[in-house]
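The values are calculated or read from the model by the stated rules, or taken from the named source; none is laboratory data. Note that the structure is a prediction, hence the values are computed from the model and not measured. Because the Cβ atoms are built from the backbone with ideal geometry, glycine has one as well, and the counts that use them run over all protein chains shown.
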Amino acid sequence: MRFFVLALLLLSPAMLHAQSRNLDIYWIDVEGGAATLIVSPSGESMLIDTGFEVDDRDAKRIHAAAQQAGLKKIDHLVISHYHADHVGGLAALSKMMPIDRFYGRGDEIEPVNQKWLDSYRTAAAGKRTIVKPGDQIPIKGLQALVVASDGKLLAKPLGGGGPNPLCAGTEQKAPAGPENQNMVGTLLTFGRFKLLALIDLDWEKEMELVCPVNKLGTVTVYQTGRHGAFDGAGSPALLDAIRPQVAVVNNGPRKGLGQVDTTVRSTTPAGTKTTPYEKNGYARLAKIPGIEGIWQGHLSLLDKAPNHNTSEDMIANLEDTADCKGHWIKASVEPTGRFTIVNGRNGFSKTYTARRGPLSDARSLRPGALTQ
């Protein structure tokens, strides 16, 4: 008996996490960039993007969240695309902790982003995999499916997908530039729970994913595209087809939610009738049928109107950039589909239960599985 008690006391945080068999997700505040840390029930980790370079701020925040999660390394790092707010923190992070494997798109690049591709290739040397739609990132305990990469998208709908009647009334828009069209998007599945992270995929490619057929089905949590700046993302045909229960907005104080981009233009053919839609990003999320919660990384200082932001309890950071404490938002998902989201600033939490839906066709995922 004494030996048994001593053994329990000596269990490491990583072992205790593995025994809990929950999926943990941290949306780390990188102030309008992206950094999502996933810790699977097996204890393996996957990080999507590394935030900005700024004084190693974001690398330090990622490292702190990884330590809190009991991690000593990152097993799988996905870099969605080569913009400064997504890969800028990589050089510093790779010096703070080991990273075993790297996943991303190919090397086609605009000259303005060459620095970030070079940074990625340096850190990933000898450990890099170029992914394509249909590939799975081999993290134990989860399905981590690539749904977009290098301008290509899933060829066939997943279980739960099908014809999308919303397409006919949704406006068409011009491409938002090569990086945002070529980026890597993922769909993570843990039992009934599904997290969709399309990162900066633009409106045009969103429409290709769900029109005329919704290839994604419905999801549990939607990590907002373009940081919640919905001029060039967040098409109604996507949002109302995937019908997320919860949305997490990875915005900054003056980036993303509340931002207006007057350069995004419509390409809908003249004479085509389209359905008017909500222009404000938060209000558009709030109108999704069945939405149960919206969480924000920051109060939008571009548009602080209470009806254009979620409840203050569900906003992780309220300060301007100079004073920001970098609080995270965390989800802990049980195998039953029950999940709790916590605000790292104030401890406020809400618990949800993933809806039951058609099961994904697991057979369609096997051919693209990656090996380490």
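Scan segment 166-187 and give yes if some residue there is among the basic types (Lys, Arg), within 17 Å of Tyr103 (Cα to Cα), touching a residue at least 24 places away in the same chain (Cβ under 8 Å) and touching a helix residue (DSSP H, G or I) at 6+ places or on another chain (Cβ under 8 Å), otherwise no.
Among the residues of segment 166-187, not one is among the basic types (Lys, Arg), within 17 Å of Tyr103 (Cα to Cα), touching a residue at least 24 places away in the same chain (Cβ under 8 Å) and touching a helix residue (DSSP H, G or I) at 6+ places or on another chain (Cβ under 8 Å), which makes the answer no.
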Quick one: which residue in Leu117, Leu93, Leu47 is in a strand (DSSP E or B), among the aliphatic types (A, V, I, L, M) and either buried (at least 17 other Cβ atoms within 10 Å of the Cβ) or modelled with pLDDT of 95 or more (or both)? Leu47
In segment 98-105, is there at least one residue being in a strand (DSSP E or B), of a type in the set (Gly, Ala, Ser) and under 16 Å from Arg121 (Cβ atoms)? yes
Report, by residue number, each residue of segment 283-294 that is buried (at least 17 other Cβ atoms within 10 Å of the Cβ) and either touching a residue at least 60 places away in the same chain (Cβ under 8 Å) or touching a Leu at 6+ places or on another chain (Cβ under 6 Å) (or both). Leu285, Ile288, Ile294
When the residues of segment 163-184 are filtered to those that are among the small types (Gly, Ala, Ser) and touching a Ser or Thr at 6+ places or on another chain (Cβ under 7 Å), which remaining residue is nearest to Glu334 (Cα to Cα)? Gly169
Checking the structure you have, find out if any residue of segment 50-69 is surrounded by 24 or more Cβ atoms within 10 Å (Cβ to Cβ) and assigned to a loop (DSSP other than H, G, I, E, B). yes
Matching residues, segment 120-156, being more than 16 Å from His76 (Cβ to Cβ), part of a loop (DSSP other than H, G, I, E, B) and not small (Gly, Ala, Ser): Lys132, Pro133, Asp150, Leu154, Lys156
Please find, within segment 129-147, the residue that is surrounded by the most Cβ atoms within 10 Å (Cβ to Cβ) out of those that are in contact with a helix residue (DSSP H, G or I) (Cβ under 9 Å, 6 or more places away or on another chain) and over 20 Å from Asn22 (Cα atoms). Val146
Regarding segment 105-113, can at least one residue be identified that is in contact (Cβ under 8 Å) with a residue 24 or more places away in the chain, touching a strand residue (DSSP E or B) at 6+ places or on another chain (Cβ under 9 Å) and farther than 16 Å from Val30 by Cα? yes
